[in-house]
1. Explain nothing, just compute: Karplus ³J(HN,Hα) = 6.51 cos²θ - 1.76 cosθ + 1.60, θ = phi - 60°, for every residue of the stretch 64-73 in order, whole Hz, x for Gly and Pro.
2. In debye to the nearest 20, how big a dipole does the stretch 77-149 give about its Cα centre with +1 on each Lys and Arg Cβ and -1 on each Asp and Glu Cβ?
3. Arrange the following residues from fewest to most other Cβ atoms within 10 Å of their Cβ: Thr189, Thr47.
4. Restricting to DSSP loop positions (anything but H, G, I, E, B) with no more than 10 other Cβ atoms inside 10 Å of their own Cβ, which trypsin sites (Lys or Arg not before Pro) remain in the stretch 79-148?
5. For the stretch 62-109, just say rounded, prolate or oblate: build the C-alpha gyration tensor, square-root its eigenvalues into a ≥ b ≥ c, call rounded for a/c under 1.5, and beyond that prolate if a/b exceeds b/c, oblate if not.
6. In what sequence do Cys86, Cys220 fall when counting other Cβ within 10 Å, fewest first?
7. Only counting other Cβ atoms within 10 Å, I'd like Val309, Val278 sorted with the fewest neighbours first.
Amino acid sequence: MNLLYLLPIFYLLNSSEGLNSEIGSFKDEKSQAQSLQERVEKMIQLTRRKGFVLLDSKTFKDLVRSNPRNYSVVVMFTALSDSRGCIICRQASEEFYQLIISSSHAPSMLTNRLFFGVVDYDENSEIFQSLGLNSAPAFVHFPPKGKPKKRDHMDIQRLGFLSEVLAKWIAERSDVYIRIYRGPNYVGTMVLITCFGAAAVLIYLRRNNLEFLFNPNTWCSFAILFVLFMISGQMWNHIRGPPFVYYTQSGGVAYVHDSSQGQFVSETYFVMMMYGLVILGVILLCEAGTLDGEKFVEATGPGFRRIQVFFGLGLLVFFFSLILSMFRSKAGGYPYRFLFR
């Protein structure tokens, strides 16, 4: 039998196999598209009421970690139970909810690319364990493709957790820009009006004796308070919004940040207090050296100037050493110290 007669048969068999494989791949693509559309519709349905999904193990696996996905998910891992007493968790959740409320004003074509979720430790601790998370709060961005990388874990110790900071971080990770809308806050305005009102009342009551306005000590005190406010890091707190303290993995409380790239609100208060006591020590030394000796001894008694000098010198040396020690603990490799390690 001539083999040439068999060639059309082989051709038909091969073409039928290729056609079947193409049909199979088309069915797979269609099923994946349907699965993706179902995930998107499911996320829209779950986030329609509150703006976020309260994730459990099943929804976290099906909607956040499973593929295919064409959307990002930003998940807040927290511990809001009253028994935990996590104050920073409540503060972070308030900012996160403010971000979610603001995202509702974004166009729908952008919101369908980004969804929000919340995982509470007391309800789903196994999700924490699967991601290796040992502390809360934490914010993790799950990209449409692949697993979260290091930059997808937000560094709240360095950046803080204000909703404006969260929006900027999300924009860098997902190209979805959210404008934060906050309600009017009249606290600052009322404080300013109160201060100006108190100053006006004081000036009116002492309108016949305004010598205190020309007293250099008054303006010197205001200048010192302003300098202490600025060098302690209060403006950094206002811009970055760091937490007041940090709860460590062992259950302790950290009042001082361990890096020179960040700080806590409590830390700025300690720095302000230490700088203020250093300035007080310098003022005592200056006053002890500029007073008229005979008149001072007659007014205060013998030995008071010596006490003032030693007390001022002790404040200066002790708290300056403490500031140096704190800076040394934050800036690794800093070689200088005095009294304390």
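1. Listing the rounded values in order: 10, 9, 7, 10, x, 9, 10, 9, 9, 10 Hz.
2. Dipole about the Cα centre, nearest 20: 480 debye.
3. With the fewest neighbours first, Thr189, Thr47 line up as Thr189, Thr47.
4. In loop regions of the stretch 79-148 (DSSP not H, G, I, E or B), the sparsely surrounded trypsin sites (Lys or Arg not before Pro) are Lys145.
5. oblate
6. Cys220, Cys86
7. Going from sparsest to densest Cβ surroundings: Val309, Val278.
Read-outs throughout are calculated quantities, based only on the coordinates presented, and are distinct from any laboratory measurement. Treat the numbers as computed from the prediction; the structure is a model and nothing was measured. Virtual Cβ from ideal backbone geometry, glycine too; neighbours counted across all protein chains shown.
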